[in-house]
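The values are calculated or read from the model by the stated rules, or taken from the named source; none is laboratory data. Since the model is a prediction, treat every value here as computed from it, not as a measurement. Because the Cβ atoms are built from the backbone with ideal geometry, glycine has one as well, and the counts that use them run over all protein chains shown.
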Amino acid sequence: MNIDEIGGHDMWYEIKVKTTSEATEAVSNMLYEIGAEGVLIEDPNDPVYTESKESDWDYIDIEEVKRHLEYQGAIVKCYFDGADVGSSDIQSKLTHLKGRLSQMESFGLDGGPLTVELKELENTDWNAEWKKHYKPFEVGNRLVIKPSWEEYQASEERLVIEIDPGGAFGSGTHETTTMCMEMLEENVTPDVDVFDIGCGSGILGIAAAKLGAKSVVAVDLDEAAVMTTKENAERNQVDSRFSVHHGNLMDVVQGQADIVVANIIADIIILLSKDLRQFMKPEALFISSGIIQNKVDDVVAGLEASGFEIVEVRRRGEWAAILAR
């Protein structure tokens with residue numbers, strides 16, 4: 001089900017989790033685990049929504065922020081169609097979610113209160129509720145992320161990436177994604193082949209293609225992500241240089257890349273690095289992110305043990321991205 005299709009039903013369940021800015025990605029992933037096909041993040045501390053270079057306050061719904069002033073952290077929501085999910089099923093999902101949230105501390109994340117609220121809601125314009133928080137924004141010196149439903153007049157020096165996340169993870173607003181895109185901007189040249197591992201919405205692979213990469217291969221274990229990536233590649237008219245595969249990199253991709261990018265989580269990056277070199281040309285670069293600050297040393301050690309040279313560790317907020325060769 002696409003987010004554009006959820007307007008015409010009678011009753012919905014809303015699940016709301018109060019958390020911290022640093023834990024929104026982890027909480028979002030846990031909501032996907034229980035069957036959410038899209039999440040809404042309300043974070044008054046996220047500069048993407050609270051400021052722009054032109055101080056354009058249209059980027060934020062002031063009344064929405066005022067509603068949550070009693071809680072200064074982030075709120076992550078998802079919705080389930082009451083026609084598809086019964087009351088017993090939603091309770092089962094809540095139980096599973098609470099169990100996963102209780103493991104947050106073991107991930108090294110400060111999840112905040114992690115309170116979970118369930119609400120039954122009458123039909124409303126869910127499209128507008130979700131989309132009003134996602135506006136065009138610039139990344140690095142050359143890129144602009146534009147939601148497919150927004151108007152945007154790009155300057156000549158900016159490359160527009162038009163994204164509809166659909167049910168896949170990856171709107172581009174998170175620090176981990178923007179750091180990866182900056183590193184792609186700094187390293188992609190017209191003669192390179194790029195692999196995007198765990199492609200989500202396809203935003204990183206599309207950025208590489210827009211920046212001039214010769215070819216992009218994207219791979220994800222989630223079928224919804226594969227479909228969304230294909231749609232976004234077509235939307236951005238880069239599909240002639242872009243292929244998308246469903247499954248594990250080791251099983252579904254052949255050949256070698258000049259640049260591999262993976263915005264996942266620290267432990268998976270460490271595991272991935274052990275076998276990744278067979279998919280990389282000599283002197284190839286590995287851009288990895290989704291790494292919380294207290295896991296950086298572990299990832300660096302894991303990469304070095306697998307034969308990588310650390311070129312740069314970039315930090316932003318609670319997160320880091322690593323460029324390795």
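Taking only the stretch 1-55 into account, find how many residues are among the hydrophobic types (A, V, I, L, M, F, W, C), modelled with pLDDT under 75 and either closer than 23 Å to residue 263 by Cβ or assigned to a helix (DSSP H, G or I) (or both).
2
Could you grab me the full set of residues in the stretch 254-272 that are crowded, with 22+ Cβ neighbours inside 10 Å and of a type outside the set (A, V, I, L, M)?
Listed by number, the list holds a single entry, 263.
Taking the stretch 258-273 as the region of interest, how many residues are closer than 14 Å to residue 248 by Cα, within 19 Å of the chain's Cα centre (by Cα) and part of a helix (DSSP H, G or I)?
3
Among the residues of the stretch 203-221, which ones are in a strand (DSSP E or B) and either crowded, with 24+ Cβ neighbours inside 10 Å or touching a residue at least 40 places away in the same chain (Cβ under 8 Å) (or both)? Quick ask: steps written out before the conclusion?
Of all residues in the stretch 203-221, those in a strand (DSSP E or B) come to 215-220.
Once the filter is applied, which keeps residues that are in a strand (DSSP E or B) and either crowded, with 24+ Cβ neighbours inside 10 Å or touching a residue at least 40 places away in the same chain (Cβ under 8 Å) (or both), the stretch 203-221 yields 216, 217, 218, 219, 220.
Kindly state which strands (runs of 3 or more DSSP E) lie completely within the stretch 83-170 and contain at least 2 residues that are farther than 23 Å from residue 198 by Cβ and modelled with pLDDT under 90. Full working, then the answer.
Details: elements: 116-122, 137-139, 143-147, 159-163.
In the stretch 83-170, the matching strands (runs of 3 or more DSSP E) lie at 116-122.
Give the number of residues within the stretch 274-325 that are assigned to a strand (DSSP E or B) and of a type in the set (Gly, Ala, Ser).
Final tally of qualifying residues: 7.
Counting just the residues of the stretch 222-253 that are in contact with a helix residue (DSSP H, G or I) (Cβ under 6 Å, 6 or more places away or on another chain) and not in a helix (DSSP H, G or I), which one comes out surrounded by the most Cβ atoms within 10 Å (Cβ to Cβ)?
242
Show the residue pairs that are 6+ apart or on different chains and have beta-carbon atoms under 6 Å apart, the first residue being within the stretch 252-278 and in the same structural domain as residue 308 (by TED's automatic domain parsing), the second being part of a helix (DSSP H, G or I) and of a type in the set (Phe, Trp, Tyr).
Within 6 Å, the pairs are 256/279.
With the requirement that a residue be touching a Phe, Trp or Tyr at 6+ places or on another chain (Cβ under 8 Å) and buried (at least 16 other Cβ atoms within 10 Å of the Cβ), what does the stretch 278-321 give you?
279, 280, 286, 289, 290, 291, 292, 303, 308
State the number of residues belonging to the stretch 77-101 that are under 29 Å from residue 265 (Cα atoms) and touching a residue at least 12 places away in the same chain (Cβ under 8 Å).
Count: 12.
Pull out all pairs, ordered by first then second residue, where Cβ-Cβ is under 8 Å, the residues are six or more apart or on different chains, the first lies in the stretch 299-325 and is outside the structural domain of residue 184 (by TED's automatic domain parsing), and the second is basic (Lys, Arg) and in a loop (DSSP other than H, G, I, E, B).
Qualifying pairs under 8 Å: none.
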